[in-house]
Amino acid sequence: MRVQFTEAKNREVHRKHGISLSEAGEIFDQAYIVDTKNDDPEQFRAIGWSRGRMCSVIFEIRRDSEGEYYHLVTAWKATKQEIQSYAEQI
């Protein structure tokens, strides 16, 4: 799956949460779980591994001329509850 994000948001998320969106996007390359986060706009939360740590990512599914892609909104180090959800579902 293609992932995209704005470079300004990438820098902001890295400064605020210690993980960049480019790093967090790596969770889509392996096993991850997804749930619905918000309805307007429709957003999802993915939890998975990136560079040896469990992360959570908020993303939207968008379309362009090349098809569907994930637009990354924000990311952070997974909470204990998110780690437990991941362990229970994978």
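Every read-out reported here was derived from the displayed coordinates using simple, explicitly stated rules and does not represent laboratory data. This is a predicted model, so every value here is computed, not measured. In this analysis, Cβ positions are derived from the backbone assuming ideal geometry, glycine residues included, and neighbour counts consider all displayed protein chains.
Listed by chain and number, the lysines whose alpha-carbon sits under 16 Å from that of LYS77, ignoring those within fewer than 8 places in the same chain, are LYS16.
Only helical runs count toward this figure. For the chain, summing -39,500 (n - 2.57) over DSSP H runs of n ≥ 4 and dividing by all residues gives -7500 deg cm²/dmol at 222 nm. Averaging the sequence gap over all C-alpha pairs within less than 8 Å and six or more residues apart, then dividing by the number of residues, gives region 2-89 a relative contact order of 29 percent. The charge dipole of the chain, taken about the Cα centre with unit charges on the Cβ atoms of Lys, Arg (+1) and Asp, Glu (-1), comes to about 480 debye, rounded to the nearest 20.
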